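Scroll down for the structure; my scribbles are underneath it.
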Amino acid sequence: MIIDIHGHIGGWHAFFMPQTSAEWLVRTNERIGVTAVGVSHLGALGHDPAAFNRVAIDVARQHRGALGIWLVVNPHAGQDSAELREQLKDPVVWGLKLHPDFHELRLDSPRYAPYLELAATTGVAVLAHGQTDSGWSDPGMFGAVSDRHPNLRLVCGHSGLWPYGFDRAADIAAARANLFLDTSGSRLTGRMLARLVDRAGRGSVVFGSDAVFLDPRYAVGLLKSAPLTREDRDHVAFENAKVVLGDMKEVTHDY
């Protein structure tokens, strides 16, 4: 069993992706053993996140159990928090997705605070793009936000992205039970993954593929070939994702 915490649907103007549909992603995941993937709609990063979040929810309802939705928050778009709160009750919704670098707003900015508090009070997780040495999403900001919101389950996307920062990201996560690192990205290797698990702790690392930006088959191959113990591999593959998602989401009940 594999739960993919970090995926996408939809196209992207500056990045060639051969396949962008939910149908392709679900079919591919069935072949490679991925039980479910949490996706955000790339269109939601733009000026009308609410519209694309609704599209994403409709798509997930067509693939119940195989797709979960991360609702994208654009802090500049004046999103209706009442609509977000209502959508978070939907069992296909996994939580909120933040992209500080694209929206050019620091993760620890007060403008994100209401959304972080919404996630904490409703019991859902937050997945955010993480990038070492970024002025918007450095892992140090994840540590600060985790400390500020101790009841929030927060995932640092890409484990900070750049390999030279993996050790520091691991140390930050190791000190916080509510902070997780995901494995998505093209720079991680099997040996790096094993080091990440060893340094952060087996309970701190969750599987992510960054599909459909990247082919999920690569990420699954990396997970299966990494020099991990069976117990460590199971934690990365699905046990930690269940902790991130909590008991309320469909995938944790159906499998």
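What the table below lists for this structure:
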quantity	calculated
The stretch 93-102, subset assigned to a helix (DSSP H, G or I) and in contact with a strand residue (DSSP E or B) (Cβ under 7 Å, 6 or more places away or on another chain), residue least open to solvent (accessible area, probe 1.4 Å)	Pro100
Ala125 closer than 17 Å to His8 by Cβ and either in contact with a helix residue (DSSP H, G or I) (Cβ under 8 Å, 6 or more places away or on another chain) or open to solvent by 20 Å² or more (accessible area, probe 1.4 Å) (or both)	yes
Hits in the stretch 62-76 (condition: open to solvent by 30 Å² or more (accessible area, probe 1.4 Å) and either among the acidic types (Asp, Glu) or part of a loop (DSSP other than H, G, I, E, B) (or both))	His63, Arg64, His76
Boolean, Trp12 is open to solvent by less than 40 Å² (accessible area, probe 1.4 Å) and within 16 Å of Ala211 (Cβ to Cβ)	no
Criterion (buried (at least 21 other Cβ atoms within 10 Å of the Cβ), hydrophobic (A, V, I, L, M, F, W, C) and assigned to a loop (DSSP other than H, G, I, E, B)) met by exactly one of Leu196, Leu228	Leu228
Among the residues listed as Leu127, Leu105, the single one being within 23 Å of Asp210 (Cα to Cα), part of a loop (DSSP other than H, G, I, E, B) and not small (Gly, Ala, Ser)	Leu105
Out of Val55, Val26, Val37, Val59, sole residue that is open to solvent by less than 20 Å² (accessible area, probe 1.4 Å), assigned to a helix (DSSP H, G or I), among the β-branched types (Val, Ile, Thr) and touching a residue at least 12 places away in the same chain (Cβ under 8 Å)	Val26
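The values are calculated or read from the model by the stated rules, or taken from the named source; none is laboratory data. Here the structure is a predicted model, which is why all the values come from computation and not from measurement. Backbone-built Cβ (ideal geometry, glycine too); neighbour counts: all protein chains shown. The protein model used for the area step is the full one, side chains on, heavy atoms only, and it has no ligands, DNA or RNA in it. Shrake-Rupley method; radii C 1.70, N 1.55, O 1.52, S 1.80 Å.
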